[in-house]
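Here is the structure we will look at.
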Amino acid sequence: MKSTHLLAVAATAALFAAGCGSDGKVKPEDITVREDTPLKRATTLLESYAKGQAIGSEAASYEYMVNELRKEDPARADILQKGFEELQKTKGPATAAKAKEILAKLGPKPNP
């Protein structure tokens, strides 16, 4: 019993001594993080409504999304503003249809 315990301790110590990597150094790696565009954020939200998600507290951020989009694409910002206003008046299953309509007016899905 003692020899089995001693053998287990010796094996554990050998594993710790070996370490995780061959040279024990961490290799640095650059990771590119893409920021979503205002249009991408808005279309993602509209796509969730088109799939049946109900409008929630995120409606408070509609104005912010429109203002951010306006800096890049004023024409689409106007479409989005009008669409969000119409969405807030829409209830129940009609919300999905209205979201699809707004997505169609905004044009092709932006690249990620």
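Summary of values
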| item | result |
| --- | --- |
| R34-T90 FRET efficiency (beta carbon distance; Förster radius 30 Å; 0.05 resolution) | 0.40 |
| Region 38-106: translational diffusion in µm²/s, Stokes-Einstein, Kirkwood Rh over Cα pairs, 4 °C, 1.567 mPa s | 111 |
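Computed from the coordinates by the stated procedures, all read-outs in this text should not be read as laboratory data. Computed from a predicted structure; not experimentally measured. Quick reminder, even Gly has a Cβ in these numbers, built from the backbone with ideal geometry, and neighbours come from all protein chains shown.
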